[in-house]
Amino acid sequence: MSGELSCVHEQARVYAHMTLMLDDGSVADSSRANGKPALIELGNESVSAALEQQLLGMKVGDKKTFKLAANDAFGESNPNLIQFMDIQNFPQDIDVSEGAVLAFEQPSGEPMPGIIREVQGHSVKVDFNHPLAGHTVTFEIEVLSIDNPPQTH
């Protein structure tokens, strides 16, 4: 049974280097670029079930490359998360240009990133979807370490 704990299972916390690529081959994100591994927590819905399935059974040192459709990666783009705001509502010292990522405060006080998609006159189109929503993503993962919570019997 102890051998089972040396691989990724349903409740593991996995530290891994991850590189995310789009279909055109461009790198969308990479933990290697900033030198800080990603923490992936399984079993708490912080990542998709499809991503968890790809990780299950991997061991420290394992490397894997796989592709997930948008729905299994970061979800489809949700039109309800695209909002139009008046440019007057933005502080004057903020760069409100297409492609800029700004932090907006949610009612709970938590920050939420929004991407400026378009500026037309006084209207600013802000997209609160994950930046990779709607994209098929290729994942390159290398497992660095696995934290296993205490097993309860």
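The values are calculated or read from the model by the stated rules, or taken from the named source; none is laboratory data. Just so it is clear, the model here is predicted, and its values are computed rather than measured. All Cβ positions, glycine included, derive from the backbone under ideal geometry; neighbour counts span all protein chains shown.
Tabulated values for the structure
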read-out	value
Residue list for the range 101-117, filter: under 11 Å from residue 85 (Cβ atoms) and out of contact with any Pro (no Cβ under 9 Å at 6 or more places or on another chain)	114, 116
Some residue of the range 94-106 being buried (at least 16 other Cβ atoms within 10 Å of the Cβ) and more than 28 Å from residue 39 (Cα to Cα)	yes
Verdict on residue 45 being surrounded by fewer than 15 Cβ atoms within 10 Å (Cβ to Cβ), assigned by TED's automatic domain parsing to the domain that holds residue 143, under 13 Å from the mean Cα position of the chain (by Cα) and of a type in the set (D, E, K, R)	yes
The range 132-153 - residue that is among the hydroxyl-bearing types (Ser, Thr, Tyr) and at pLDDT 90 or above and, of those, nearest to residue 11 (Cα to Cα)	145
Given (1) in the same structural domain as residue 139 (by TED's automatic domain parsing); (2) surrounded by 12 or more Cβ atoms within 10 Å (Cβ to Cβ), index of the condition residue 69 fails	(2)
Residue selected from the range 66-123 under the condition of a type in the set (A, V, I, L, M) and assigned to a helix (DSSP H, G or I), by the criterion nearest to the chain's Cα centre (by Cα)	70
First in the range 26-37 and surrounded by 10 or more Cβ atoms within 10 Å (Cβ to Cβ), second anywhere and in a helix (DSSP H, G or I) and modelled with pLDDT of 90 or more, Cβ under 7 Å, 6 or more apart	37/31
Test result for residue 61, surrounded by 12 or more Cβ atoms within 10 Å (Cβ to Cβ), on the phi > 0 side of the Ramachandran plot and either in contact with a Phe, Trp or Tyr (Cβ under 7 Å, 6 or more places away or on another chain) or not hydroxyl-bearing (Ser, Thr, Tyr) (or both)	no
